[in-house]
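Participant: Structure incoming, see below.
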Amino acid sequence: MFEIKDLRVSVGSKEVIKGITLSLKAGETHVLMGPNGAGKTSLAQALMGSPVLKTAGSIRLEGKELVKLPTDERARLGLFLSFQNPEEIEGVKVSSFIRKAVAARSGNAQGLDAMVKAHEDLVSSAGKLGMDKSFVSRELNVGFSGGEKKRLEILQMVALKPNVAILDEPDSGLDVDGIRLVASAIKGLSDGKRCFLIITHYPRILRYLEPDFVHVLADGRIVKSGDAKLAHEIEEKGYSAYTGGKE
């Protein structure tokens with residue numbers, strides 16, 4: 001479903017991702033872990049088509065090559081990235097932003113009845129993430145706490161129903177209850193039709209999710225892959241066994 005082959009990513013003259021190959025099938029949840037500076041966020045941004053990164057190799061979604069496509073086209077094809085630190089956008093309401101994103105993804109303009117139904121669904125989804133109905137009327141990320149920004153990213157994912165969801169540290173800035181709610185939202189979309197790549201430093205969210213595969217990224221390379229047991233080993237022993245002593 002989602003194939004990454006010999007992917008190399010550079011920031012200026014510095015190569016930060018050094019030939020990564022991954023294959024994610026529909027229904028699978030993969031977790032990418034690694035110490036700070038390993039290249040996790042650069043990888044996520046490259047997969048989504050960040051224009052500030054130089055990318056070589058192959059990224060395919062359901063057989064279609066993405067590596068030369070702009071970010072908006074990748075999103076329309078079903079790729080989603082939740083950001084660590086999303087921007088604040090004054091004057092744009094959460095509900096309007098998500099409604100227009102869903103319309104752009106589907107390619108269909110919504111009639112009045114569909115807009116009303118979409119708003120009701122959005123309020124319901126926000127409630128399941130622990131947010132009251134006034135949340136969707138607020139300006140996008142303006143004055144949001146770190147935890148609220150994370151929940152909004154997940155709310156967008158729930159509304160868009162992407163084929164591939166790349167979640168960059170979805171557990172950071174959240175308390176235990178927030179992590180549990182985010183994990184529940186991910187499970188709710190795990191219907192066998194889509195796949196997830198969850199990028200994290202600390203595996204707290206994995207107390208509530210059971211990944212199919214866990215990969216360790218160090219110095220721009222995947223140095224170890226395994227099942228959920230690998231994440232538990234890292235939580236107990238740290239990254240040093242896989243990163244040459246670096247945490």
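Participant: Using the 10 angstrom Cβ neighbour count as an exposure proxy, how do Leu61, Leu32, Leu77, Leu206 rank, fewest first?
Facilitator: If I rank by nearby Cβ atoms, fewest first, I get Leu77, Leu61, Leu206, Leu32.
Participant: Subtract the Cα-Cα distance of Ser137 and Ser96 from 0.36 nm times their separation in residues, and report this length gain in nm to one decimal.
Facilitator: The span from Ser137 to Ser96 would gain 13.9 nm if fully extended.
Participant: Let me ask something else. Please compute the modelled spin-label separation between Lys237 and Glu62, points set 7 Å along Cα→Cβ, answer in nm with one decimal.
Facilitator: 4.1 nm
Participant: State, as an integer percentage, the relative contact order of region 1-139 based on alpha-carbon contacts under 8 Å between residues 6 or more apart.
Facilitator: Details: 166 pairs, mean separation 28.3, N = 139.
Computed over region 1-139, the figure is 20 percent.
Participant: Right, here's the next one. Quick check: the angle from helix 176-189's long axis to the longest principal axis of the chain, C-alpha only, nearest 10 degrees?
Facilitator: Between helix and principal axis, roughly 80 degrees.
Participant: Here's another thing I want to ask about it. Using θ = phi - 60° and the Karplus relation 6.51 cos²θ - 1.76 cosθ + 1.60, list the HN-Hα couplings for region 62-72 in order, rounded to whole Hz, with x at every Gly or Pro.
Facilitator: 6, x, 8, 6, 9, 4, 9, 7, x, 4, 5
Participant: From the phi angles alone, apply the Karplus equation (6.51, -1.76, 1.60; θ = phi - 60°) to region 122-130 and give each ³J(HN,Hα) in whole Hz, x where the residue is Gly or Pro.
Facilitator: Per residue, the Karplus-derived 3J(HN,Hα) values read 5, 4, 5, 5, 4, x, 5, 9, x Hz.
Participant: Now for a separate question. Given H placed 1.01 Å from N in the peptide plane, which residues other than close sequence neighbours of Leu53 have an amide H under 5 Å from its amide H?
Facilitator: It is none; the list stays empty.
Participant: Still on this structure: Which of Ile98, Ile17 has the fewest other C-beta atoms within 10 Å, and how do the rest follow up to the most?
Facilitator: If I rank by nearby Cβ atoms, fewest first, I get Ile98, Ile17.
Participant: Which whole-number percent is the relative contact order of region 127-247 (Cα, under 8 Å, 6+ apart)?
Facilitator: 20 percent
Participant: What FRET efficiency would be calculated for the residue pair Arg204, Glu120, taking the C-beta separation as r and a Förster radius of 25 Å, to the nearest 0.05?
Facilitator: Approximately 0.20, to the nearest 0.05.
Participant: Further question: Under Stokes-Einstein, with the Kirkwood radius over Cα pairs standing in for Rh, what whole-number D in µm²/s applies to region 58-148 at 20 °C and 1.002 mPa s?
Facilitator: Rounded, D is 143 µm²/s.
Participant: Which of Leu230, Leu167, Leu69 moves the most in a Gaussian network model of the chain with Cα springs under 10 Å?
Facilitator: Leu69
Participant: With the chain treated as a Gaussian network of Cα nodes joined by springs under 10 Å, which of His30, His215, His232 yields the largest mean-square fluctuation?
Facilitator: Taking springs between Cα atoms under 10 Å, the residue moving most is His232.
Participant: Sticking with this one: Take the residue pairs Lys64/Lys187; Lys40/Lys237; Lys150/Lys187; Lys128/Lys229 and return only those whose Cα atoms are more than 23 Å apart.
Facilitator: Beyond 23 Å: Lys64/Lys187; Lys128/Lys229.
Participant: How many nm separate the modelled label positions at Asp175 and Ser106, each set 7 Å beyond the Cα in the direction of the Cβ?
Facilitator: About 3.6 nm, to one decimal.
Participant: Something else: What Kirkwood hydrodynamic radius, in Å, does region 129-191 give when the mean of 1/r is taken over all pairs of distinct Cα atoms and then inverted? Don't skip to the end; give the middle numbers.
Facilitator: Values: mean 1/r = 0.0823 Å⁻¹.
After inverting the pairwise mean of 1/r, the radius is 12.2 Å.
Participant: Calculate, for Asp72 and Asp6, the FRET efficiency according to 1/(1 + (r/R0)^6) with r their C-beta to C-beta distance and R0 22 Å; round to the nearest 0.05.
Facilitator: 0.30
Participant: Normalised by the residues of the chain, what does the relative contact order come to in percent, with Cα pairs under 8 Å and at least six apart?
Facilitator: So the answer I get is 27 percent.
Participant: Follow-up. Compute for the chain: radius of gyration divided by Kirkwood radius, i.e. Rg/Rh, restricted to C-alpha atoms, rounded to two decimals.
Facilitator: 0.96
Participant: Continuing with the same structure: Would you mind checking region 52-96 for residues with the amide N under 18 Å from a putative spin-label position 7 Å along Cα→C-beta of Leu189?
Facilitator: 61-62, 71-87, 94-96
Since every read-out is calculated from the coordinates, none of them should be taken as a lab result. All of these numbers come straight from a predicted model, not from anything done at the bench. Please note: Cβ atoms are built from the backbone with ideal geometry, for glycine as well, and neighbour counts cover all protein chains shown.
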